Amino acid sequence: MANTAHTSEEEMLEIYDSPEELESKIQKLATMVKNSKHLVTFTGAGISTSAGIHDFRGPTGKWTRQAKGLDPLKGTPTISAYPTPTHMSFVKLAEEGVLKYHISQNCDGLNVRSGFPQNQLSELHGNGNIEICEDCGQKYFRDMKIGKRTFKTGMQRDRWTGRWCNHPECTGRLLKSTICFGQQLPPEPLRLAEEHSAKADLHIALGSSLRVTPAATCCEDTVNSGGKLVIVNLQKTPLTRIAEFQIYAKIDDVMIRLMELLGYEIPEFRLKRKVVCGVEPNGKGLYVRGAALTDETLEHDFIRCATWGKPEIRRRDSRMTGRVGSMEHAGQKIDSKIYDNKFSGFDMQKNTIKKKDSDKVVEANRRVFVDVELVCGGHYGEPYLTLSNDFTQAYRIDQRVEYVWDIEFNPYTKEWKTEARLSTVPAKTAHVIDNSFGELCKQYATDYLVKKGFTKKQANVKWEAHIRKWRKKE
């Protein structure tokens, strides 16, 4: 924290390359990127400063000010910050197959919100929008900043958020995923980061002081394996001496020019979401849930409210703002489990379609639609969104119908773009157990008890008793 701040004027000094030197370095970097076979990037807090999120060790950084006895400066809330041109450049480079892996020390959630593929990302210090089950390792994506537990549990260093795992086979508590000083890093993200760093022929570190280990050692791994390191940072770092060169400039300025030289256009930020809508006939109800972009079986908690309308008869070619036309779903096979929620009451015997109209449902150009109005978090000023679901087959032969909606919000024009497809979401039958993160958090808490005079055995007994007390009751 404050003891990790720069201690000398030389360390804190910000350097700027001349325009000529800056252009020469970026051109050299562009050539290196074009020739690279396995490009890896590494970022710290400096990547998000242009989004209004303050860094830690800059002249006005959080730890710098705290070391001087000053309060941190207020910035843009991370949950409503826009991904920067640098974030969006990474998205494009990954899409083009140029960037193979991204390692991040950032906890602000902008890497995931930008749309960067999560299977090419290691967030070594966690994510402020993700909580993890301490028993099974299930991740929960929240459209809010994950805070500390909502009430005191009596145990120091407890990472519990006050919520529990939703998996029917699990009663574990959900833990805040961000890492504290003195807490070990989660093993799998670190393993992948080290693996790709050793494999990289080019490693670009941007906006990091490269002082926090073991994260910063990833850059050293590349050099030790024969690869090249380039640093983009206004201050010198402990690894400046082993880098091919360091660019002293604003990160966005470097990335905007680099993308021009590479011939890629930086995409504008779009807030991308997935929504699963479905109906189980015979009184079992309508259901809707947010889904993670990379795994539709996982719930993504961004829907604040959902209001279902009444079934309506419409023509096949009906066109309405924000809605799509009909879709054939006869014989659709769905393996996904049905999510229980309060939006029930879809009863084949008590529906609101008049008999004389329901007889016409079988006609090719007559369909049954049910609208759902969604209210999202509104962090980017999202208006309400109406999704119109063609549930005709549920009325024809009582067939379950399910859709996956890809929804995209333009925060600059405040407009939604939607596209529906028939669901093929599989049921997550196997309950995979990975309690490694829970074990790390346990060690973090019990180490504190040992420092307070307990033996290791006593600390473990005290922790287990604490867990039993706060475990979800079945």
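Here are a few things to note about the model shown:
- The residue of segment 17-62 that is nearest to Ser225 (Cα to Cα), among those that are in a loop (DSSP other than H, G, I, E, B) and modelled with pLDDT of 95 or more, is His38.
- Test set (1) touching a Leu at 6+ places or on another chain (Cβ under 6 Å); (2) assigned to a loop (DSSP other than H, G, I, E, B) - Ile266 fails condition number: (1)
- Look at segment 188-211: where a residue is part of a strand (DSSP E or B) and a partner is modelled with pLDDT of 95 or more and basic (Lys, Arg), sitting 6+ places away or on another chain with Cβ atoms under 8 Å, you get Leu202/Lys228; His203/Lys228.
- Qualifying residue in segment 267-276 (condition: crowded, with 16+ Cβ neighbours inside 10 Å and over 27 Å from the mean Cα position of the chain (by Cα)): no
- Search result, residues across segment 422-445 that are modelled with pLDDT under 90 and in contact with a His (Cβ under 7 Å, 6 or more places away or on another chain): His431
- Phe369 being at pLDDT 75 or above and aromatic (Phe, Trp, Tyr): yes
- Counting the residues of segment 84-103 that are of a type outside the set (Ser, Thr, Tyr) and closer than 20 Å to Ala216 by Cα gives 6.
- Taking the criterion of being part of a loop (DSSP other than H, G, I, E, B), among the charged types (D, E, K, R) and under 12 Å from Ile334 (Cα atoms), the only residue of segment 396-427 that qualifies is Arg400.
- Cβ-Cβ distances below 8 Å connect the following pairs, each with a first residue in segment 109-121 that is free of Cβ contacts under 8 Å to residues at least 24 places away in the same chain, a second residue that is part of a helix (DSSP H, G or I), and a separation of six or more residues or different chains: Leu121/Asn111; Leu121/Val112.
- Listing of strands (runs of 3 or more DSSP E) fully contained in segment 63-140 that carry 3 or more residues being among the aliphatic types (A, V, I, L, M), assigned by TED's automatic domain parsing to the domain that holds Pro187 and at pLDDT below 90: none
- Scanning segment 381-421 for residues that are at pLDDT below 90 and out of contact with any strand residue (DSSP E or B) (no Cβ under 7 Å at 6 or more places or on another chain) gives Arg396, Ile397, Asp398, Gln399.
The values are calculated or read from the model by the stated rules, or taken from the named source; none is laboratory data. All values reported here derive from a predicted model rather than from experimental measurement. When we count neighbours, we look across all protein chains shown, and the Cβ atoms used for this are built from the backbone with ideal geometry, even at glycine.
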